[in-house]
Amino acid sequence: MQFEYFDIPGPVLVTPRRFGDARGWFSETWNRRTLAEAGLTWPDFVQDNHSYSAPRHTLRGLHYQRPPHAQDKLVRASRGTILDVAVDVRRGSPHYGQHVAVELSSETGAQIFVPKGFLHGFLTLTEDCEVQYKCTDIYAPDCDGAVRWDSVGIDWGIPAPVLSAKDAEAPVFADFDTPFVFEAAP
């Protein structure tokens with residue numbers, strides 16, 4: 001696996017190796033020992049999610065799940081291509097309100113680790129996208145939240161994506177009272 005880090009500590013881009021032949025390819029998308037050897041000790045994943053978006057330019061996000069059910073996520077596009085975004089919302093972080101954005105596609109197999117304390121969202125860049133992600137806590141509707149997609153300064157590259165009612169009506173970032181606190185690494 002190849003690991004790439006961002007200027008904002010926390011998110012990590014993980015690109016698994018692919019082994020191919022005339023039949024296609026094989027890829028190991030998750031291996032705790034490989035991560036540990038790279039110095040990454042992520043919590044256990046307890047839930048896998050799979051979403052399908054038919055139209056191009058569907059935007060899902062910016063979502064979070066507050067404590068006590070906050071979630072780390074490992075996200076990948078298993079069909080199509082997406083622009084995946086993580087926004088640092090850890091109170092006291094020197095990167096508060098800043099984001100990382102990466103293109104994930106089924107062609108490359110790249111994945112992004114989005115830790116607790118980050119808003120998460122993605123925009124489909126192709127039709128018929130499937131996104132799969134592992135989570136470190138179960139879905140808890142009473143802890144579910146969203147921030148309006150166009151209120152954080154992200155250049156999504158389009159003026160009007162396809163949105164759910166929840167995402168269209170989400171509060172703006174300026175009104176967001178984050179439940180997350182930045183903890184500097186020892």
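The values are calculated or read from the model by the stated rules, or taken from the named source; none is laboratory data. Small disclaimer: the values here were computed from a predicted structure and weren't measured. Please note: Cβ atoms are built from the backbone with ideal geometry, for glycine as well, and neighbour counts cover all protein chains shown.
So here's what we get for this one:
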| read-out | value |
| --- | --- |
| All strands (runs of 3 or more DSSP E) inside the range 1-69 with 3 or more residues being in contact with a helix residue (DSSP H, G or I) (Cβ under 9 Å, 6 or more places away or on another chain), at pLDDT 95 or above and within 23 Å of Ser106 (Cβ to Cβ) | 59-65 |
| Verdict on Arg148 being assigned to a strand (DSSP E or B) and either among the aromatic types (Phe, Trp, Tyr) or surrounded by 18 or more Cβ atoms within 10 Å (Cβ to Cβ) (or both) | no |
| Test: His95 is over 15 Å from the mean Cα position of the chain (by Cα) and surrounded by 16 or more Cβ atoms within 10 Å (Cβ to Cβ) | yes |
| Lone qualifier among Ala170, Ala184 - being at pLDDT 95 or above, in a loop (DSSP other than H, G, I, E, B) and small (Gly, Ala, Ser) | Ala170 |
| Selection within the range 87-145 - without any contact (Cβ under 8 Å) to a residue 60 or more places away in the chain, among the charged types (D, E, K, R) and closer than 18 Å to Arg60 by Cα | Glu103 |
| Selection count where residues are in contact with a Pro (Cβ under 9 Å, 6 or more places away or on another chain) and charged (D, E, K, R), scope the range 6-40 | 1 |
| When residues of the range 151-167 are limited to those that are not hydrophobic (A, V, I, L, M, F, W, C) and not in a loop (DSSP other than H, G, I, E, B), the one nearest to Thr124 (Cα to Cα) | Asp167 |
| Residue satisfying condition, being of a type outside the set (Phe, Trp, Tyr) and over 22 Å from Gln2 (Cα atoms), within set Thr81, Thr178, Thr108 | Thr178 |
| Val102 at pLDDT 95 or above and surrounded by 20 or more Cβ atoms within 10 Å (Cβ to Cβ) | no |
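So that you can scan it fast, the table gives a plain yes or no per residue for (1) touching a strand residue (DSSP E or B) at 6+ places or on another chain (Cβ under 7 Å); (2) closer than 24 Å to Arg17 by Cβ; (3) polar (S, T, N, Q):
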{"residue": "Phe45", "(1), (2), (3)": "yes, yes, no"}
{"residue": "Arg56", "(1), (2), (3)": "yes, no, no"}
{"residue": "Arg76", "(1), (2), (3)": "yes, yes, no"}
{"residue": "Ala86", "(1), (2), (3)": "yes, yes, no"}
{"residue": "Val89", "(1), (2), (3)": "yes, no, no"}
{"residue": "Ser106", "(1), (2), (3)": "yes, yes, yes"}
{"residue": "Leu119", "(1), (2), (3)": "yes, no, no"}
